[in-house]
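Participant: First, the structure itself, so that you have it in front of you.
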Amino acid sequence: MQDVESVADHSFSTSSLALLISDLEAQRGEHVNIERVLRLALLHDLSESLTFDISKAYLEYLGPRGAAIKRDLEHSAWKYIVNDLHPKLHRSYSTLQKEFDTEKTFESRIVHAADRLDILLQVIEYRRRGYPEYVLAELWSETIKKLRSCRIRSALTIQRILIDEGRKKRTPKDISKIFQRSQIM
């Protein structure tokens, strides 16, 4: 696909969605360490600044080893990025990356949900641009499936809004207006 979202665009969008989800969850009375959420969100795909986003299609050509190769490449890129940092920062950032990877804390689950919601927003944008459904269908359905297990109420509400909007021909700007009017705010 051409004109895909850059890693920087994705990281910013994911961070913005993570902040929104954190604020909504805090309004619901959930304890959320918003600074930690933002740190996780900003760092979650930092290795892709060197490796770029390695597509699932490329990994399929590599067979069963594809996922392991991607993981190794991203791990090497991560080590390269943080290698020259002060040891305390190196440990701190590496701890955050491990926290994100394991998806066990509430904060890391928020970032994973935001990451997946951004993918849905991108699929909607690609549909608007005219990409054929058969190119996007698997990404859409896999992302929906992953989000359903997140158990974060505001993320699931946003997901429902995006599913509804995904059935329509609207732009991301239209979607932001819907967020502003919706009950999640």
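The values are calculated or read from the model by the stated rules, or taken from the named source; none is laboratory data. In this text the structure is predicted, and so the values were computed from the model without any measurement. Note that we place each Cβ from the backbone using ideal geometry, even for glycine, and neighbour counts take in every protein chain shown.
Participant: Does Ser47 meet the test of being within 15 Å of the chain's Cα centre (by Cα), among the polar types (S, T, N, Q), closer than 20 Å to Ser92 by Cβ and modelled with pLDDT under 85?
Facilitator: Spelling it out, Ser47 is indeed within 15 Å of the chain's Cα centre (by Cα), among the polar types (S, T, N, Q), closer than 20 Å to Ser92 by Cβ and modelled with pLDDT under 85.
Participant: In addition: Which fully enclosed helices (runs of 4 or more DSSP H) of the stretch 1-117 have 3 or more residues being basic (Lys, Arg)? Lay out the reasoning, then the answer.
Facilitator: Details: elements: 7-27, 34-43, 48-51, 56-61, 66-82, 87-102.
Result: 66-82, 87-102.
Participant: Can you pull out every residue in the stretch 157-168 that is within 24 Å of Arg109 (Cα to Cα) and surrounded by fewer than 17 Cβ atoms within 10 Å (Cβ to Cβ)?
Facilitator: First, pick out the residues of the stretch 157-168 that are within 24 Å of Arg109 (Cα to Cα): 157-166.
Scanning the stretch 157-168 gives Thr157, Arg160, Ile163, Asp164.
Participant: Here are some conditions: (1) closer than 20 Å to Ala8 by Cα; (2) crowded, with 16+ Cβ neighbours inside 10 Å; (3) hydroxyl-bearing (Ser, Thr, Tyr); (4) out of contact with any Lys or Arg (no Cβ under 9 Å at 6 or more places or on another chain). Ser49 meets all but one. Which one does it not meet?
Facilitator: (2)
Participant: Within the stretch 1-35, take every residue that is of a type in the set (S, T, N, Q) and surrounded by fewer than 20 Cβ atoms within 10 Å (Cβ to Cβ) and give me the one that is farthest from Ile110 (Cα to Cα). Break it down stepwise before answering.
Facilitator: Just the residues of the stretch 1-35 that are of a type in the set (S, T, N, Q), to begin with: 2, 6, 11, 13-16, 22, 27, 33.
Now restrict to residues that are surrounded by fewer than 20 Cβ atoms within 10 Å (Cβ to Cβ): 2, 6, 16, 27, 33.
Numbers: Gln2: 29, Ser6: 21, Ser16: 11, Gln27: 15, Asn33: 11 Å.
It comes out as Gln2.
Participant: Among all residue pairs at least 6 apart or on different chains, which show Cβ distances below 6 Å where the first residue, located in the stretch 133-152, is of a type in the set (S, T, N, Q) and the second is not in a loop (DSSP other than H, G, I, E, B)?
Facilitator: Sorted first by the residue in the stretch 133-152, then by its partner, the pairs are Thr143/Arg116; Thr143/Ile119; Thr143/Leu120.
Participant: Condition first: in a helix (DSSP H, G or I) and at pLDDT 70 or above. Now tell me which residues in the stretch 155-177 satisfy that. Don't jump to the end; show me each part of the working.
Facilitator: Pass one, the stretch 155-177, residues in a helix (DSSP H, G or I): 155-166, 172-177.
Scanning the stretch 155-177 gives Ala155, Leu156, Thr157, Ile158, Gln159, Arg160, Ile161, Leu162, Ile163, Asp164, Glu165, Gly166.
Participant: If only one of Ile144, Ile124 is more than 28 Å from Val32 (Cα to Cα), surrounded by 15 or more Cβ atoms within 10 Å (Cβ to Cβ) and either modelled with pLDDT of 90 or more or out of contact with any Ser or Thr (no Cβ under 8 Å at 6 or more places or on another chain) (or both), which one is it?
Facilitator: Details: Ile144 fails: more than 28 Å from Val32 (Cα to Cα).
On inspection, the qualifying residue turns out to be Ile124.
Participant: Is it true that some residue in the stretch 79-100 is free of Cβ contacts under 8 Å to residues at least 24 places away in the same chain, of a type in the set (A, V, I, L, M, F, W, C) and within 27 Å of Ala155 (Cα to Cα)? Steps first, answer last, please.
Facilitator: First pass over the stretch 79-100, keeping only residues free of Cβ contacts under 8 Å to residues at least 24 places away in the same chain: 79, 82-92, 94-95, 98.
If we keep only those that are of a type in the set (A, V, I, L, M, F, W, C) too, we end up with 82, 85, 89.
Still in the list and also within 27 Å of Ala155 (Cα to Cα): none.
Within the stretch 79-100 (the criterion being free of Cβ contacts under 8 Å to residues at least 24 places away in the same chain, of a type in the set (A, V, I, L, M, F, W, C) and within 27 Å of Ala155 (Cα to Cα)), the answer is no, since none of the residues qualifies.
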